[in-house]
Amino acid sequence: MEQAIYYTLSTIAQTLAGALAVLVAFVLFRMADLQRALAAGAATLRRQEAYYPQSWEMLAREGVEAVRQFFVGKATLTPPDLEAMGAAHDAMLTLNFLRPLLRGTVYLTAFDIGFCFLALPFTPWIACSRIATWSILPLAVGVGVICIALFVSLILVVVNRTVPDDPNARSQNRGGT
């Protein structure tokens, strides 16, 4: 029983650490793409110097259509300009969703890895105590399963390349119906 507990805790920690390392690399790569989209959108709006700070904040809060309406009669926006602003707005939404998800995933995974490593030296005691076994192992396994679910969420955001729901679009759609 002692060896089984030891190897269970060790395997959980190692598996989560390896998976997290690979996943964080992919997420950071995707975040670099999103930062490039933000830079392109900002460059598009900076060309309208007099309106830049206001138009950037409007893009973040209200989206591309609001910025397009704002520039009517003030400046001409080309289709590539609108496309760059759309990509920047999508990047803002994705980053606002991705950053807290990544942070929470890293923290929870680090907790479970640390918990497993701290429990390893106590496996002889854990094996002798039914209470310890039935409290420590389910906690380690349960948190590990939650971490894997968070990994899946991160993978879906990174691979899917779709934008999470825009709260402004949802409220506009509800208001128009």
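The values are calculated or read from the model by the stated rules, or taken from the named source; none is laboratory data. Since we're looking at a predicted model, the values are computed, not measured. Reconstructed Cβ throughout: ideal geometry from the backbone, glycine too, with neighbour counts over all protein chains shown.
A few notes on this one:
- Yes/no for ASP112 being of a type in the set (Asp, Glu), closer than 30 Å to TYR7 by Cα and out of contact with any Pro (no Cβ under 8 Å at 6 or more places or on another chain): yes
- Taken over the range 76-117, the criterion of being hydrophobic (A, V, I, L, M, F, W, C), surrounded by 15 or more Cβ atoms within 10 Å (Cβ to Cβ) and either over 24 Å from LEU34 (Cβ atoms) or in contact (Cβ under 8 Å) with a residue 60 or more places away in the chain (or both) is satisfied by LEU93, LEU95, PHE97, LEU98, LEU102, VAL106, ILE113, PHE115, CYS116, PHE117.
- Within the range 138-177, considering residues that are at pLDDT 95 or above and over 26 Å from ARG99 (Cβ atoms), the one surrounded by the most Cβ atoms within 10 Å (Cβ to Cβ): ALA140
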